[in-house]
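Have a look at the structure below, then the notes.
The values are calculated or read from the model by the stated rules, or taken from the named source; none is laboratory data. Here the structure is a predicted model, which means the values were calculated and not measured. With ideal geometry, Cβ positions are generated from the backbone for all residues, glycine too; neighbour counts draw on all protein chains shown. Remember, those area values only see protein heavy atoms, side chains included, never the ligands or the DNA or RNA. Shrake-Rupley method; radii C 1.70, N 1.55, O 1.52, S 1.80 Å.
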Amino acid sequence: MAGAITDIAEQKQAQEAVKNAKNLLQDVIDSSPDWIFVKDLAHRFLLVNESFARAQNLSPRQMIGRPDTDFWSQELCLGDPEKGLRGFHEDDKEAFRGQLVHNTNDPATHADGSLHVFDTYKGPLRNEAGRVYGVLCYSRDVTERRKIEEALRSSEARLQEAQRLAHIGSWELDLRRNSLVWSEEIYRIFEIDQAAFGASYEAFLKLVHPDDRAMVDKAYTDSVANRTPYEVSHRLLMPDGRVKFVVERGETSYARDGSPERSLGTVQDMTESRQIQEQLLQGQKMEAVGRLAGGIAHEFNNLLTAINGYADLLLRRLGAESVERRYAKGIKESGERAAALTSQLLTFGQRQIVQSTIVNVNAIVAKAAEMLQWAIGEDMHLVTTLYPAIGLVKADAGQLEQVLMDLAVYARQTMPTGGTLTIETMNVWGVEPMVRVIVQDSGAGLDEQTRARIFEPFFSTKKMEKGGGVGLASVYGIVRQSGGTIEVDSVSGQGTRFVISLPLVDAAGQAAETKPVVRAAETILLVEDAAVVREFAREVLAEQGYRVMEAENAHEALQASAAFQGPIHLLLTDVVMPGMNGRQLADELKTLRPDTKVLFMSGYTEDAILRSGIQRHAVAFLRKPYNASVLTRAVREVLDASSEDYGQSH
């Protein structure tokens, strides 16, 4: 009897212990802000904590024994295969098979209808025999954290974009570990691959121009030692020899013991700004010199009027055989040469009176060709590549001839043993339509210092001291007075290239407008590796009635040409593309389809690839960016050009 009483007492104690353990477990899980619950194999809740029940606007007792489909939608529980949605039960089933499931993007709906995102773990529950009888779920609401993370990502993206637009990158140097961290913009400025660069202070110094390294290192180390911010302007030396200009700013933070701990700073690319500033200073310098030259020329003209006038009077009064007549004649000839020189000075100063008319530059080049050949000599070859449908410009025809002559004389001086002088014309369609005249020689070329001063009056070098004078200065003045621009592109040993741009006008002398053209039916092979540009051009041309064949690169273009049986009237191609470039593609395609005309596209006409083929055939050029009317007009112009003349060099 006593034993039975003891057994009953022990059972009660055991039951009480189990009850206490359950209560303790419930208290523990109820204290957690996260969702904790247990479900059986039929997805019925066996255990839930207060946080989970409260989110459903229920109590734990109201949820125990009921399946999850009583509280959540069928779509959330079972999923929707047609929509590609995975339901909660899929994770449950994996846990039932003994797997631990981790879902970092688990959606769940609160009682108020709001959809939250949870980081959820689900694991199998096993009995004493090892069989799975349910699943334990632990979920943490990460909705707000995701919002914060997304806001942080957006903020970082905006910062990176702002740095890219401003050409300013940020850096951080951990002085204890000598670990340097750069933003993406600094890698773009330094033109290096992030994966291939072991960022450290020493590695950074190696990228600084050798002549500036000591200065940069001193500026930084003095800043650290003196606990002051620093700013230093210096150069970067690119692997291909180019030089960039940057401004670096930084300051250092220190640990409690006073030791330097971390440096923060920025690097700003000033190369483009510096170039613009130099161009502005050069323009101001040229303007000042021009005003001085014009003023001097006017005064000289007054003096020469008297000198030449009195020389004429003397010649009339002196006998034909007198010695004094020879002296007076020498004075008169020298005065006339001086008058020609002052005329050039007035032209450079843009103070010469000009007689502008509507002219065709092709006609001027053709007329001047014989005279130019005489000026450069028989040991030099003159090549003219004239675009047949060249636009009209408003200028003084005589002065344009003088420009060609002066550039030819310059070329003669740079090629004393002979060479090739090429003159090319083209239309450039853009926001402001232009006519380009490109004069290129195969001479010795110019160094950077000479190129910067080439248009200054009286500037000369030892190799040009027999000529020069104000010849190229007057060229500059004529072009500017005609409303145009002239640029020089030259590398020592690789010849010199002058690019003259004059505003394109209509027959009445008004600035040409890019007007849309009528519908057409020709076939165009469009080659452009930038998808967004290619799609825009295709839509514009198709809307005009053209049949458009597209290709992403030269290889696809040649394949499309081979597969197409009909005529291809126009190749519209970008210049710079991966693999075969646009110029090479044009040459290849014209060997197969000689009647196909070509219109090149690029972001700038000074493209090296475009220059390399300058003597091959006349160039039609479309400058990016362009709009619909510019594109359609340029295409129509090339298609309407005479097939007989198109692409021929003279």
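Would it be correct to say that Arg54 is basic (Lys, Arg) and at pLDDT 90 or above? If you could, list the steps in order and put the result at the bottom.
Numbers: basic (Lys, Arg): yes; at pLDDT 90 or above: no.
Answer is no for this residue.
Inspect all residues belonging to the range 443-463 and state whether any of them is open to solvent by 10 Å² or more (accessible area, probe 1.4 Å), over 29 Å from Val635 (Cα atoms), among the hydroxyl-bearing types (Ser, Thr, Tyr) and at pLDDT 80 or above.
For the range 443-463, residues open to solvent by 10 Å² or more (accessible area, probe 1.4 Å), over 29 Å from Val635 (Cα atoms), among the hydroxyl-bearing types (Ser, Thr, Tyr) and at pLDDT 80 or above: absent.
Please state which of the following conditions Val243 fails to meet, knowing it meets all the rest: (1) within 34 Å of the chain's Cα centre (by Cα); (2) surrounded by 14 or more Cβ atoms within 10 Å (Cβ to Cβ); (3) modelled with pLDDT of 80 or more.
Result: Val243 fails condition (2) only.
When the range 5-39 is examined, which residues are found to be hydroxyl-bearing (Ser, Thr, Tyr) and either at pLDDT below 70 or more than 60 Å from the chain's Cα centre (by Cα) (or both)? Quick ask: steps written out before the conclusion?
The initial filter retains those residues of the range 5-39 that are hydroxyl-bearing (Ser, Thr, Tyr), namely 6, 31-32.
The answer is Thr6, and nothing else.
Residues checked against (1) more than 22 Å from Leu25 (Cβ to Cβ); (2) modelled with pLDDT of 90 or more; (3) more than 46 Å from the chain's Cα centre (by Cα):
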| position | (1), (2), (3) |
| --- | --- |
| Pro81 | yes, no, no |
| Leu100 | no, yes, yes |
| Gly113 | yes, no, yes |
| His116 | yes, no, no |
| Gly123 | no, yes, yes |
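For residues that are at pLDDT below 85 and open to solvent by less than 40 Å² (accessible area, probe 1.4 Å), tally how many sit in the range 534-565.
0
I'm told Ile568 meets every condition in (1) at pLDDT 85 or above; (2) part of a loop (DSSP other than H, G, I, E, B); (3) more than 24 Å from Val533 (Cα to Cα) except one. Can you identify the failing condition by its number?
So Ile568 meets the others, but not (3).
Output the helices (runs of 4 or more DSSP H) that fall wholly within the range 74-182 and possess 3 or more residues being farther than 30 Å from Leu47 by Cα and either open to solvent by 60 Å² or more (accessible area, probe 1.4 Å) or touching a residue at least 12 places away in the same chain (Cβ under 8 Å) (or both), or say none.
Numbers: elements: 74-78, 88-96, 143-166.
Filter on the range 74-182 gives 143-166.
Counting just the residues of the range 193-209 that are part of a loop (DSSP other than H, G, I, E, B) and within 28 Å of the chain's Cα centre (by Cα), which one comes out nearest to Lys244 (Cα to Cα)? Can you show your working first?
Residues of the range 193-209 that are part of a loop (DSSP other than H, G, I, E, B), as a first pass: 193, 197-200, 209.
Then drop every residue that is not within 28 Å of the chain's Cα centre (by Cα), which leaves 193, 197-199, 209.
Values: Asp193: 17, Phe197: 19, Gly198: 21, Ala199: 20, His209: 9 Å.
Within the range 193-209, the match that is nearest to Lys244 (Cα to Cα) is His209.
Mind listing whichever residues of the range 392-428 are assigned to a strand (DSSP E or B) and open to solvent by less than 10 Å² (accessible area, probe 1.4 Å)? Write out each step before concluding.
To start, the set of residues in the range 392-428 that are assigned to a strand (DSSP E or B) comprises 392-395, 419-428.
Correct list: Val393, Ala395, Leu421, Thr422, Ile423, Glu424, Thr425, Met426, Asn427, Val428.
Report yes if Tyr201 is touching a Phe, Trp or Tyr at 6+ places or on another chain (Cβ under 9 Å), free of Cβ contacts under 8 Å to residues at least 60 places away in the same chain and within 15 Å of Thr252 (Cα to Cα), otherwise no. So that I can check it myself, show each step before the final result.
On the way: touching a Phe, Trp or Tyr at 6+ places or on another chain (Cβ under 9 Å): yes; free of Cβ contacts under 8 Å to residues at least 60 places away in the same chain: yes; within 15 Å of Thr252 (Cα to Cα): yes.
Yes, satisfied.
Filtering the range 31-73 down to residues that are open to solvent by 40 Å² or more (accessible area, probe 1.4 Å) and of a type in the set (Asp, Glu), which residue is nearest to Asp141 (Cα to Cα)?
The selected residue is Glu50.
Quick check: is even one residue across the range 137-160 at negative phi, touching a Gly at 6+ places or on another chain (Cβ under 7 Å) and not polar (S, T, N, Q)?
Within the range 137-160, the subset at negative phi is 137-160.
With the extra rule that they be touching a Gly at 6+ places or on another chain (Cβ under 7 Å), the set shrinks to none.
There is no residue in the range 137-160 that is at negative phi, touching a Gly at 6+ places or on another chain (Cβ under 7 Å) and not polar (S, T, N, Q).
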